[in-house]
Each structure stands twice: as C-alpha cells, then as structure tokens.
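Colleague: Could you have a look at this structure, given as structure tokens, before my questions?
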Amino acid sequence: MDAILEAWAVRLAAESPGALGAAMAYALRSPGKRVRPALVFAAYRACGGDSDGIAGIAAAVETVHTYSLVHDDLPCMDDDDLRRGRPTTHRQFDVPTATRVGFLLVPVAARVLVEACERLQLATGEMGVLAAELFSASGITGMVGGQWLDLEAEGRTLELDDLQHVHRGKTGALIEASCVLGALAARAAPETLAAVREYGREVGLAFQVADDVLDATATSEELGKTAGKDAAVAKSTYVQLLGVEGARAAAVRHAESAVNSLARAGVPLGTLAALARYIVTRRH
Ligand code: GRG
C-alpha cells in the first residue's frame, strides 16, 4: 500500500511541477498508522480474498483520509501546525496550496480506486458499487457532514446521541467503508457483508471515542499532533460527557460489539478482532 502511494506521489509531482505537486507528494508520503488500510486488508482476507491487488483499494481509502487530514488542519478548521509528527501541509507550504492539495486528492483517490479495481479484475458494475461506497462515506452523509456538524458544535454541549451521530459521520463512515470495501472486493455473500459493515460501524465509533480519550490523556509527542485541542475549543467529546474511564469503557463496549457481529455471522475473527482491540488500546 505504501509503495502504491509512493508511486502516486512521484506521478503527481511530475503531473503538477512546482509547489503543488511537491505538496501533494508531501501529504501522500506522510507516515500515518494506516488503520484504514489494515481494515481493508483484514476484511478482504476474512471474506476469502487472496490477491495483493487489494493494496490498491487500501491506497484509495488512505488517499481520501490523507485529504481529510490536510483540510482538517487548515486555519479555517482545526488550525494545527503538527500532523503525524511533521509540519502540517499548509505549514510546510502555504494555505492556498494545502487547500488545493486537499481538493485535488479526491479525484486522485478515484483514479487509485479505478486502477485497483482493474488489477483485481472487478467488473464495471462491481467497481461502481465500491466507488459509491467510498465516496458516499466521504461526503455529506459521512465524513464531510460529520466534520461540518463537529465544527458547528464547538462551544456547545451535545447529548450523547448527537455526539455519536457526529462521530459516526466524521470518523466512523470512512472506517466502516474501509471494511465494506474489503468485503466487496472479496465478493462476500450478503450476510457476511452485513456483518462486516456492522463491525466497521462499531469499530469506527470506537476509534473516535478512543481518539477523544487520547486527546485528553496523551502528549503531543505521543500523538504526533497537538494534544488537548478538544478542551481548548470546548468541543463536546465522550470524555467531557462520560469522563476518561467512562469513555474508555464505551470504546471497549463498541469494539466488543463489533467482534460479536462477526462471530454471530461466522466470519473469521483473526486480524479483525486484533484490530478492534488495537483501536481501543492504542497509545497514538
Ligand atoms: C468541508 C466541513 C468540510 C469538511 C471537509 C476535513 C474534512 C472534510 C473532514 C475531517 C475528517 C477528520 C479529520 C476526522 C477525524 C478522523 C481522525 C480521528 C483522524 C485521525 O486518524 P488516525 O489516528 O490518523 O488514523 P493517522 O495519522 O494515523 O492516519
């Protein structure tokens, strides 16, 4: 997956010479935890897939995630200087360049996805289903919509249900889509696909709840991004509503529920269960 992103970094730097190409390459080369790609791989294998071509699907998801981080860090959103232990894209370059990088990575994600589907020899209709999954999860009913609600909620206290809705959109939707894309690429049967979707929905929420806990308890060095930002902008979080221990327990409950939905459907637990555990015990 990293090799595919590296090849795209080289390709984009050549397609757009100067700062814009260099900035796209900078963003794509930034070293994240790769949780979403890991979920794509694990769901694909749990559903019986065995082609290395799945790396391209994982790279398409990571490209969308990378764009979201570039935009999330902009002064008009989280206004951050540090991401993945390095200066944010607008700090390394400038705000107009980083803004363009974010927008331009969306069609790049579509190109990465198309190449991956071709390599996996998926039919055009199957590719359409994967594309619809990825881009609806990224849009107004998913990531963008959730981020929007999140920004609007700054300085207000949300009820737990409303906060959960924000978390499921902002962060959960792309994580759920990562799992579903893996299952779709493996041509999973409908009941298996439904169980993997439910797993993704639950680990997606668990991921953001754990993120709330880390923002309140870890250091900027550990996180590679500025810690303590939620309290600084008076954001509603699980920690604010339930306390650190309450939020931790909620994350664990959602991770357990994720694994239970796989177990009920007879989907092999292996790496997916390990990832659910990792998501709620990680230190960054
Ligand atoms: C126009 C309103 C509007 C939105 C644009 C910016 C944006 C779209 C969405 C932001 C989505 C976002 C950044 C959600 C937070 C998700 C999250 C917890 C990110 C951190 O993920 P990790 O920990 O990061 O997996 P690494 O660096 O490891 O990949």
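Colleague: HN-Hα J couplings of segment 166-172 from phi, Karplus 6.51/-1.76/1.60, θ = phi - 60°, integer Hz, Gly and Pro as x?
Modeller: 4, 5, 5, x, 4, 10, x
Colleague: Moving on. Give the separation of the Cα centroids, segment 207-284 to segment 1-64, in Å.
Modeller: 24
Colleague: Show that you can apply the helix-only estimate: for the chain, add -39,500 (n - 2.57) for every DSSP H stretch of four or more residues, divide by all residues, and state [θ] at 222 nm to the nearest 500. Please report the intermediate quantities before stating the final value.
Modeller: On the way: 15 runs with 206 residues, N = 284.
Counting only the DSSP helices, I get -23500 deg cm²/dmol.
Colleague: Spelling out what I want: for every residue of segment 49-66, take phi, set θ = phi - 60°, compute 6.51 cos²θ - 1.76 cosθ + 1.60 (Karplus), and round to whole Hz; glycine and proline get x.
Modeller: Listing the rounded values in order: x, 9, 9, 5, x, 4, 4, x, 5, 4, 5, 5, 5, 5, 5, 4, 4, 4 Hz.
Colleague: Explain nothing, just compute: Karplus ³J(HN,Hα) = 6.51 cos²θ - 1.76 cosθ + 1.60, θ = phi - 60°, for every residue of segment 195-205 in order, whole Hz, x for Gly and Pro.
Modeller: Computed from phi, the couplings for segment 195-205 are 5, 5, 4, 5, 4, x, 4, 6, 6, x, 5 Hz.
A short reminder: the numbers here are calculations on the coordinates, not readings from a lab. From a predicted model like this one, the values you see are computed outputs, not experimental measurements.
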